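The values are calculated or read from the model by the stated rules, or taken from the named source; none is laboratory data. Just so you know, these numbers come straight off a predicted model, no measurement behind them. Neighbour counts are summed over all protein chains in view; Cβ atoms, including those assigned to glycine, are modelled from backbone coordinates with ideal geometry. Accessible surface is based on the protein model in full, side chains and every heavy atom, while ligands, DNA and RNA are left aside. Shrake-Rupley method; radii C 1.70, N 1.55, O 1.52, S 1.80 Å.
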Amino acid sequence: MYVIKDWHGSHTDVSQYFIARWAQLCDSSESITRRSRTTNGYILLDEIYHACQLAQRRRQNTRRLKAVLTEAADDRIRTSVPNDPVLRVGFPTLIDSVKRWSELDLEPAGVERIRRESLTAVATLEGEYRARLQTELLALDLRGERFDTLATRIEEILGALLPQLLYEGHSLAFLQLPARQLWKRNLDDETIPHVLKFVSDEHRTYACFLPTGGDEPLKAQLRATDESLTANDFFEPPDDLKGWSFEVAGRDPYTALRESVTTASRRARVTAADVGDDLLVPVWKGTYYKTSQGKFVAYDLDEHRDPVIPGGRADTLRTTLEKVGESLESLSDEALDDLEEPLHFYNLARSVTSLENSYTLLWTALESLTGLRGDKADIVAVQDVLGSALSLGAVGRRVVSTVSRIRSTGKLRGWRYLGPSSSEYEPAGLVDWIVWMVDASTKDSPNDPYEVLNEDPLLCRQWREINEGWAMLGDLRTVCADSERATRYHLDRIYLHRNLVIHSGTFGHPAGNLWVHFEWYVGKLLALAVIMSRRPLATGGDLRDQVAGTLIGQAEATLEYLKRHQQDPITHERLHLSGLTRFPAVCF
């Protein structure tokens with residue numbers, strides 16, 4: 001979690017919020033709830049077009065088209081076409097079109113009509129969509145005094161812009177950099193233009209240097225040459241100044257390196273015998289690129305993680321188990337019999353070089369992990385289990401992410417301790433934190449957390465969203481229901497791109513951002529299976545069926561309880577009875 005302490009004195013609450021929120025959205029170590037989304041109005045329109053093409057090739061894919069049309073027209077979710085900040089203001093007729101498409105009969109003639117009209121819509125927005133978002137960004141008054149109004153506007157713009165940048169091929173690793181520079185710079189009219197310098201809409205060529213070089217087959221495919229440099233060629237020189245020099249091209253240096261090196265490794269494995277599995281290790285660990293200042297800087301993938309490069313990929317399974325005091329080492333033989341296949345494919349997905357292969361392996365892991373399938377379609381069975389699991393953690397994820405930021409920021413700024421002393425990673429402790437977060441009785445008193453949290457605009461606003469927005473159990477039910485709906489849509493999108501890989505051989509930039517969320521889904525479900533294997537049901541049976549049954553049953557019971565008591569205030573007792581904190585593993 002990236003936390004800023006020593007801001008330049010010229011910054012305002014609004015500029016601090018803008019910079020810190022940009023950093024949070026791009027931070028791969030941040031809670032999944034607080035990170036960048038994967039879609040916006042433009043992306044949905046593009047996906048509708050591709051879904052039409054799939055449906056025309058294979059009639060079975062009509063369901064994928066229906067799913068993306070339903071999502072695009074659903075005004076209950078923030079990322080839908082009706083709620084898109086660009087389309088709502090500048091292209092309302094496209095919103096009407098999407099609503100009309102969602103009601104069409106998806107017979108061949110209807111699919112063709114949607115394909116033509118969606119292609120026209122995408123062509124209309126090509127380039128213009130991002131340009132309008134950037135214009136809105138440049139118009140922001142970072143010195144303005146109406147904080148809530150401006151923060152809401154920042155959320156709208158960044159909520160659409162960052163998914164667009166990732167969709168176009170920028171990397172999360174590189175998008176972290178502008179915010180990490182701005183907090184120490186003077187706030188002036190160049191603050192936002194400085195951010196936009198990092199997100200060119202053109203492909204650029206970057207000179208790279210790899211100290212000591214690597215394997216010859218890779219050298220040939222990269223068209224690398226031997227070169228000796230001097231210490232003055234670097235901001236911080238490596239120990240070895242002899243190595244390979246080569247060029248890569250892409251939207252930014254991280255995307256350029258990933259794409260060029262991945263392509264080179266494929267060709268090296270095809271054209272040369274006995275290429276080792278560690279072919280790319282030196283590249284990920286030691287490559288430098290030349291900046292606009294004319295000097296080389298290390299990619300430093302440990303500090304600025306590109307989550308889709310093998311060395312930077314998350315391990316949600318092990319991270320989750322560690323936080324709740326569990327591990328894989330003590331997995332019983334019986335549990336291993338049920339989980340060996342999904343564990344194998346999950347680990348393989350994290351290690352293979354090709355993101356396409358990783359994506360399909362993750363889907364294989366997810367399918368082999370999903371229980372209670374019956375005669376359901378694969379995607380429906382997956383949606384039932386994961387939608388249930390993640391809806392149970394929706395409230396907890398918002399709370400735990402805020403608690404984590406309170407702890408990190410408080411330690412950095414020397415605040416007095418805030419909140420209960422219990423652990424947010426245990427069911428009872430999480431209940432304590434939820435109750436503390438929603439407590440409005442301390443307002444304007446010496447114990448009011450606002451008086452401390454107000455020093456950090458981002459943290460304070462995210463705490464206020466909970467403190468001022470949740471009072472009754474019905475408020476929590478809305479959060480859970482929205483999470484389940486969004487998860488089902490998201491899984492449909494993941495499945496759409498899986499089908500594009502398998503049936504069309506296409507795999508574009510958008511799936512890179514989806515991969516980050518996809519790995520998190522699979523890692524969380526695997527972690528739940530490992531945890532439940534310690535306490536198998538007395539009825540016995542396949543562990544995967546036990547996991548699915550427990551999650552689906554608890555989600556139904558929780559939503560029903562919250563609905564029956566929707567007018568009741570949030571209390572310790574009611575939270576315990578609701579089952580919302582039964583599975584802390586999905587609450588962070």
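What number of residues in the range 228-284 are in a loop (DSSP other than H, G, I, E, B), surrounded by 14 or more Cβ atoms within 10 Å (Cβ to Cβ) and modelled with pLDDT of 90 or more?
So the answer is 6.
Quick test for you: out of Thr487, Thr478, pick the one residue that is under 15 Å from Ser391 (Cα atoms), surrounded by 20 or more Cβ atoms within 10 Å (Cβ to Cβ) and at pLDDT 90 or above.
Among Thr487, Thr478, only Thr487 is under 15 Å from Ser391 (Cα atoms), surrounded by 20 or more Cβ atoms within 10 Å (Cβ to Cβ) and at pLDDT 90 or above.
Quick grid of which residues meet (1) part of a helix (DSSP H, G or I); (2) open to solvent by 10 Å² or more (accessible area, probe 1.4 Å); (3) not polar (S, T, N, Q):
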position: His11; (1), (2), (3): no, yes, yes
position: Ile19; (1), (2), (3): yes, no, yes
position: Ile43; (1), (2), (3): yes, no, yes
position: Tyr49; (1), (2), (3): yes, yes, yes
position: Gln53; (1), (2), (3): yes, yes, no
position: Gln56; (1), (2), (3): yes, yes, no
position: Arg64; (1), (2), (3): yes, yes, yes
position: Asp75; (1), (2), (3): no, yes, yes
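Please pick out the residue among Gln554, Gln546 that is open to solvent by less than 50 Å² (accessible area, probe 1.4 Å) and either among the aromatic types (Phe, Trp, Tyr) or over 20 Å from Glu426 (Cα atoms) (or both).
Criteria check complete, one pass: Gln546.
Could we say that Val516 is modelled with pLDDT of 80 or more and closer than 26 Å to Asp201 by Cβ here?
Considered against the rule, which asks whether it is modelled with pLDDT of 80 or more and closer than 26 Å to Asp201 by Cβ, Val516 comes out as yes.
Which residues, taken from the range 356-378, are part of a helix (DSSP H, G or I), aliphatic (A, V, I, L, M) and surrounded by fewer than 22 Cβ atoms within 10 Å (Cβ to Cβ)?
Passing the criteria: only Leu361.
Scan Leu150, Leu161 and give me the residue that is open to solvent by 10 Å² or more (accessible area, probe 1.4 Å), assigned to a helix (DSSP H, G or I), out of contact with any Phe, Trp or Tyr (no Cβ under 7 Å at 6 or more places or on another chain) and within 28 Å of Asp456 (Cα to Cα).
The match here is Leu150.
Please go through the range 437-464 and pick out each residue that is touching a residue at least 24 places away in the same chain (Cβ under 8 Å) and either in contact with a His (Cβ under 9 Å, 6 or more places away or on another chain) or open to solvent by 50 Å² or more (accessible area, probe 1.4 Å) (or both).
Answer for the range 437-464, where residues must be touching a residue at least 24 places away in the same chain (Cβ under 8 Å) and either in contact with a His (Cβ under 9 Å, 6 or more places away or on another chain) or open to solvent by 50 Å² or more (accessible area, probe 1.4 Å) (or both): Asp439, Ala440, Glu455.
Would you pick out the residues in the range 164-181 that are assigned to a helix (DSSP H, G or I), open to solvent by less than 10 Å² (accessible area, probe 1.4 Å) and either free of Cβ contacts under 8 Å to residues at least 24 places away in the same chain or not hydrophobic (A, V, I, L, M, F, W, C) (or both)?
Passing the criteria: Gln164, Pro178.
Tell me, which residue of the range 98-147 that is of a type in the set (A, V, I, L, M, F, W, C) and in a loop (DSSP other than H, G, I, E, B) is surrounded by the fewest Cβ atoms within 10 Å (Cβ to Cβ)?
Among those residues, the one meeting the criterion is Ala139.
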